[in-house]
Amino acid sequence: MDAGGGTPMLIVCAEVALVEAELVGGLLSCPSCRGVLGPWGHARERVTRRGSGDWRWRPRRARCRGCRGTHVLLADVCLLRRQDEVEVIGRAVEAHVAGEGHRAIAARLGVPAGTVRGWLRRFAANAEVIRGFFTRCAVALDPELGPIMPAGSGAVEALEAIGVAGRAWVLRLGSRPVWRIVSRLSAGGLLVRNTSSLATRAW
Ligand SMILES: [Zn+2]
């Protein structure tokens, strides 16, 4: 999607009124410099395929009062460069790790098989970075967490780390669907090709 010339995305909740209140109230901070963000128009319309049907929306843009950079506010039901809702993608990943093939998953979710295969391949390719990132998130959210044991192949371990980070988030910050937590923590970058920002991102 339009990333404003490569400026960092900020992931916010999908409830538009709440985001608007946070933005106008100066409660959102710049992903580049942690300065205060203010309203700065909207990005172009996009369509997100949600389980409940297509959602047409225009992401809010914000401008930092510190560094003057502009940022697109992406809802946490999305991932970068993916048209399907993160919860649908997450269900596909969970089913595949549990042993289901991509064609069966695609038929069940009503998504093209090639799309599902693309998600699963990217998740597998990013698995080591995903596992490391969400393990760091989990420890940051819950410093008393015990060691996370390796549980098998790359994708299995990556999904396990996501689960642990999700539980740590809920205990610390309150209930939220785990795949929306994934979007928020990874800044939408779970399935990006270049994982350098995830690999180095501290939380
Ligand atoms: Zn800034």
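The values are calculated or read from the model by the stated rules, or taken from the named source; none is laboratory data. The shown structure was predicted, so the numbers you read here are calculated from the model rather than taken from an experiment. Counting neighbours? That spans all protein chains shown, and the Cβs are built from the backbone with ideal geometry, glycine included. Ligands, DNA and RNA are stripped out before the accessible areas are found, and what is left, the full protein with its side chains, is counted by its heavy atoms. Shrake-Rupley method; radii C 1.70, N 1.55, O 1.52, S 1.80 Å.
Quick look at the numbers
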{"item": "Residues satisfying the stated conditions in segment 104-140, i.e. within 21 Å of residue 171 (Cβ to Cβ) and open to solvent by 50 Å² or more (accessible area, probe 1.4 Å)", "result": "131, 136, 139"}
{"item": "Per-region count, segment 41-50, residues hydrophobic (A, V, I, L, M, F, W, C) and surrounded by fewer than 17 Cβ atoms within 10 Å (Cβ to Cβ)", "result": "1"}
{"item": "Any chance residue 170 is free of Cβ contacts under 8 Å to residues at least 24 places away in the same chain, of a type in the set (A, V, I, L, M, F, W, C) and not in a loop (DSSP other than H, G, I, E, B)", "result": "yes"}
{"item": "Segment 17-37 - residue that is exposed (fewer than 15 other Cβ atoms within 10 Å of the Cβ) and within 21 Å of residue 57 (Cα to Cα) and, of those, nearest to the ligand (Cβ to nearest atom)", "result": "24"}
{"item": "Output for segment 55-87, where each listed residue is buried (at least 22 other Cβ atoms within 10 Å of the Cβ), away from the ligand (no atom under 16 Å from the Cβ) and among the hydrophobic types (A, V, I, L, M, F, W, C)", "result": "74, 75, 77, 78, 79, 86"}
{"item": "Pairs with Cβ under 7 Å, 6+ apart, first in segment 134-157 and assigned to a loop (DSSP other than H, G, I, E, B) and of a type in the set (Asp, Glu), second surrounded by fewer than 16 Cβ atoms within 10 Å (Cβ to Cβ) and modelled with pLDDT of 90 or more", "result": "142/171; 142/172"}
{"item": "Wholly within segment 1-119, strands (runs of 3 or more DSSP E) carrying at least 2 residues that are within 15 Å of residue 187 (Cα to Cα)", "result": "10-12, 70-75"}
